[in-house]
Structure formats: C-alpha cells, structure tokens
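The values are calculated or read from the model by the stated rules, or taken from the named source; none is laboratory data. Everything quoted here is computed from the prediction, not taken from an experiment. Cβ placement follows ideal geometry from the backbone for every residue including glycine, while neighbour counts extend to all protein chains displayed.
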Amino acid sequence: MAVTKRAQKHLLYISQNYSYAILRPIQEELLKLGLEVKWFLEGEEVNSNYLKSTEFRLKSVKEVKEWKPDIVFVPGNYVPSFIPGIKVALFHGFNSGKIRKGRIGHFDIRGCFDLYCTQGPDTTSRFKELANEFKYFDVKETGWSTLDPLFKNDNSVDKDNAQPTVLFCSTFTPAISCAEEIFEPMSSITKNKKLRWLIQFHPKMNTDTISKYKKLQSDNVEFIETDDVIPLLKKADIMLCDTSSIISMFLLQRKPVVTFKNQSNLDHLININTSSDIVKSLQYGLNRPSDLMSKIDDYCNHIHPYTDGKSSLRVINAANEIFNRQEKSKHKKPLNLIRNIKSRIKLNYWWF
C-alpha cells in the first residue's frame, strides 16, 4: 500500500533505559522526513539523564494528550489506552524462548497495540496467527529498528587490541542467570591476559552481583553500564552468556556465542554445563569452525534476514499504512480496565 499521507506527530514511549537505543534509529529517520518527535518516560526505571539536549520530553500524560500524537512507538509490552494515537509494538528484544506460566512470553497479547512490527520469519508467522485470532491488530515484518546501527559501517569500533575480545552478558532472572554460579571461576579466568573482557548485565540485575563483577575490573576487564549495547556487540569477537535475547543480536553479526546451561538446545550455540569448559569453548568458537558458522547463518536468516540498516524506515512506513486506513481495524481493542487503572495510579492521571 502506497503511503498517501504522512502522520506528523510521533511519540516515543519508554519505561526502560534500553529503549533509547531501540527508538533512536526511528527518531533519526523521522527527523530526516521533517516530522515531529517527542518522548514520554514512564515510571522510575528509566533515567531522563540519557535524553540528549536535542530531544524533547513531554513530562505528563496531560501534555501528551494536549499534543495528540498520531503514532506511538512502544518497545515494551504495554501502553495505556488513554494515550492517544496508533500504538505500535516494537519489542524490547528477540524471542529468547523464556517460558512464563506455560507460555512463551514473547507472544503474549495484552490488548493495547494496533500494529506489531516483527523482526523476521521466526516471529512473524505466530503473530499473524494471533492477528487472525484476535482481529484488532495488524502484523508487518519490518526487521528490528535497534539493529540498524549494527549494519551500518562506522569508525567507532576499536580494532587495535591484540587479544580476542569476549563480551560476557547475563540475564537478571535468577533461575536462568549464570552470573552468580560462575563468579568464582570468572575471577580466575579473567586474570588470563590472553583475552580481553567486556562485562555488561541486564539493567535489572541484582546490585550485589553487579558490585562483585565490578571488582574484577583490570587492564583487560571492563564492566560497562550503558543504554546502548550496539558498540559492545561490534567490539567483541565472541560472547559468553546464559539465556537472553542479546544472544540473537550478537549472532546476527555472524559471531559465535558460548552459552552456560541454556535450555533451548539449539545447535547454533556452543552450550556448556560446567564452568571448567568456558575457556576451551571460547577458543573453539574463536576458531570459527565452518559447521558452526553455517548453522549460525541459517539461524540469522530465520530470525532477522534484514542487513540493510533500513528496518526503522520500514517500521515508519508500516505505521503510516495504518494511519492512512480509515477503518483501522475490524474489531475494537479490549477495554483493559484493570491494566488501565494501574497505569492511572502509576502515572497519577485521572482525567479522560
């Protein structure tokens, strides 16, 4: 469908710091088109200090409603119905296969979006099935906006280090996080100067765990807290992780990942169950065995086949297709009364 009219006002709605990196590539494309962009920060877990001086923030729901955005981009699971505009779900990560109450949480439908912009065939097919079932939202495969900078050449990556660089990441969920279990072995492994280590954890990671790993820092070990992991992904030659959607982001560079007690049993990962196998598994991955690299390539084509750095533009065009449609959906979204009441309490907003 050709875009006949451009939505003018675009709201970037975030509740976590990692969402800045998801939305900034979209902001960049919107500004190139001469369109308006403003931010709304929900809750206390997102840090307003990460906003740039050139980025404009709406500080209350009242301001949002007065501005009346045409389209709202959300890299999260939920957005209140009293926020005006077409609601677009962008996801905060890839489908990592985490099971919640017998379901894969990535595919939970919470009744608040008009459009889901999926990352690749792996998720598109299931969301289209759900769209046919619920009938009030659309699905468009666009690729993931976060990754546009990953596929653009720049000179920001330091390639002068003689040692191979390992990026160690871990999820915050205690049941599947390896950070505590392998801390003692890592205390010893990171002393080996043959490897350079970058350590980055999920922002919700236990603060005691973060403190312990920060103490491991040395001339070849760096603990990094950031709202944008893309530069870290580019710097590293191999990743050590457990079960996290960042694994998929790293693999898309066609670089190997060693996982610790990953439950997915996927053959494009080098999965280990004992800490004594960490070093030799990293060495195996750094050798780039052809069989492993072929499996990684197949996996990447399945989850995110787009390497042109233009996913953000596809997202914008997909949202505008909905904007141009007089009848946005055949069915109304559910009322979500309980969720909306909770949002009103959280945002201290009681008007209509």
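Out of region 26-53, which residues are touching a helix residue (DSSP H, G or I) at 6+ places or on another chain (Cβ under 6 Å) and either closer than 14 Å to Asp148 by Cβ or outside any strand (DSSP E or B) (or both)?
Selection gives Ile26, Glu29, Tyr50.
If we scan region 331-349, do we find a residue that is under 21 Å from Ile182 (Cβ atoms) and surrounded by fewer than 21 Cβ atoms within 10 Å (Cβ to Cβ)?
No: zero hits.
Of the numbered conditions (1) within 17 Å of Lys9 (Cα to Cα); (2) in contact (Cβ under 8 Å) with a residue 24 or more places away in the chain, Thr54 satisfies every one except a single condition; which is it?
The failed condition is (2).
Can you work out which of the residues in region 140-170 that are modelled with pLDDT under 95, farther than 19 Å from Phe223 by Cα and among the acidic types (Asp, Glu) is surrounded by the fewest Cβ atoms within 10 Å (Cβ to Cβ)?
Per the stated criteria, the residue is Asp160.
Select the helices (runs of 4 or more DSSP H) contained entirely in region 240-352, then report the ones holding at least 1 residues which are modelled with pLDDT under 95 and polar (S, T, N, Q). Before you say what the answer is, go through the steps one by one.
Working: elements: 246-251, 278-286, 290-303, 311-324, 337-347.
It comes to 246-251, 311-324, 337-347.
Select from region 202-244 the residues that are of a type in the set (Ser, Thr, Tyr) and under 16 Å from the mean Cα position of the chain (by Cα) and write down the one among them that is surrounded by the most Cβ atoms within 10 Å (Cβ to Cβ).
Checked region 202-244; the qualifying residue surrounded by the most Cβ atoms within 10 Å (Cβ to Cβ) is Ser244.
Are there any pairs, at least 6 apart or on different chains, whose C-beta atoms fall under 7 Å, with the first in region 26-43 and over 11 Å from His10 (Cα atoms) and the second among the basic types (Lys, Arg) and outside any strand (DSSP E or B), and if so, which?
Correct list of pairs: Leu33/Arg6; Gly43/Lys346.
Those residues that are surrounded by fewer than 19 Cβ atoms within 10 Å (Cβ to Cβ) and either of a type in the set (Gly, Ala, Ser) or in contact (Cβ under 8 Å) with a residue 60 or more places away in the chain (or both), I need them from region 246-279; list them, please.
Gln253, Lys261, Gln263, Ser264, Ser275, Ser276, Val279
Read through the list (1) in contact (Cβ under 8 Å) with a residue 12 or more places away in the chain; (2) exposed (fewer than 14 other Cβ atoms within 10 Å of the Cβ); (3) not in a loop (DSSP other than H, G, I, E, B), then give the number of the only condition that Leu23 fails.
Checking Leu23 against (1) in contact (Cβ under 8 Å) with a residue 12 or more places away in the chain; (2) exposed (fewer than 14 other Cβ atoms within 10 Å of the Cβ); (3) not in a loop (DSSP other than H, G, I, E, B), the one that fails is (2).
Run Phe323 past the list (1) in contact (Cβ under 8 Å) with a residue 12 or more places away in the chain; (2) in contact with a strand residue (DSSP E or B) (Cβ under 8 Å, 6 or more places away or on another chain); (3) not assigned by TED's automatic domain parsing to the domain that holds Leu31; (4) not hydroxyl-bearing (Ser, Thr, Tyr) and report the number of the one that doesn't hold.
(3)
Being touching a Pro at 6+ places or on another chain (Cβ under 7 Å), under 16 Å from Leu195 (Cβ atoms) and touching a residue at least 60 places away in the same chain (Cβ under 8 Å) is true for just one of Leu282, Leu286. Which residue is that? Walk me through how you get there before you give the answer.
Working: Leu282 fails: touching a Pro at 6+ places or on another chain (Cβ under 7 Å).
The match here is Leu286.
For Glu66, state whether it is acidic (Asp, Glu) and buried (at least 21 other Cβ atoms within 10 Å of the Cβ).
Spelling it out, it is not the case that Glu66 is acidic (Asp, Glu) and buried (at least 21 other Cβ atoms within 10 Å of the Cβ).
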